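Asks: Quick one: this structure, given as structure tokens, is what I'll be asking you about.
The values are calculated or read from the model by the stated rules, or taken from the named source; none is laboratory data. On a predicted model such as this, the values are computed, not experimentally measured, just so you know. A quick note on method: Cβ atoms are made from the backbone with ideal geometry, for glycine too, and the neighbour counts reach across all protein chains shown.
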Amino acid sequence: MSDTWQKAMKVGIEVVDDDHRQLFALIQEFNAAAQAQGGAVDAGQMAAILTRLDAYVKGHFAREELLQVEAGYDGYEENKRQHDELTHTLAVFIEKFQSGGAGEAKAATEKMQAFLGVWLSQHILKTDMKMRGRILPWAG
Ligand SMILES: [Fe+2]
């Protein structure tokens, strides 16, 4: 499943790994609500999940970037660029969800449902994993 944290994603920095698990939990919540879109999920509930997801994503990126800057990590810029792209994608989606009609909100939600878990899995496995053993000397 692309929306589940796996052992292979362990970076070895506790605060980062805890954040990643929490992000997957929020994505699972988002996906569960999105799947029920045609049925009982109301826009208010969906908006509340999105607000929490957006806030947590931003908080996590800030924590991770600070660790990298403090460590003088040379992968910082690559990581920051990917973080900024995701923040932008999420902002565009939230805008579509809030200001579009019901049809547009539903289509955007379906796209995000397919995208979020895959993005996070790939980002952790391909980019965050490079931090392993290089931010904290005892981590990894
Ligand atoms: Fe990252």
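Asks: Please go through the stretch 35-57 and pick out each residue that is part of a helix (DSSP H, G or I), at pLDDT below 85 and buried (at least 16 other Cβ atoms within 10 Å of the Cβ).
Replies: Matches in the stretch 35-57: Met46 only.
Asks: Of everything in the stretch 108-140, what is among the hydrophobic types (A, V, I, L, M, F, W, C), loosely packed, with under 14 Cβ neighbours inside 10 Å and over 16 Å from Phe61 (Cα atoms)? Give them in sequence order.
Replies: Scanning the stretch 108-140 gives Ala114, Val118, Trp138.
Asks: Take Leu66 and tell me if it is closer than 30 Å to Gly12 by Cβ, out of contact with any helix residue (DSSP H, G or I) (no Cβ under 9 Å at 6 or more places or on another chain) and within 15 Å of the ligand (Cβ to nearest atom).
Replies: yes
Asks: Oh, and also: State yes or no: is Leu86 at pLDDT 95 or above, closer than 21 Å to Ser121 by Cβ and part of a helix (DSSP H, G or I)?
Replies: So Leu86 passes the test.
Asks: Looking at Gly75, is it under 18 Å from Glu14 (Cα atoms), surrounded by 13 or more Cβ atoms within 10 Å (Cβ to Cβ) and among the small types (Gly, Ala, Ser)?
Replies: It is false that Gly75 is under 18 Å from Glu14 (Cα atoms), surrounded by 13 or more Cβ atoms within 10 Å (Cβ to Cβ) and among the small types (Gly, Ala, Ser).
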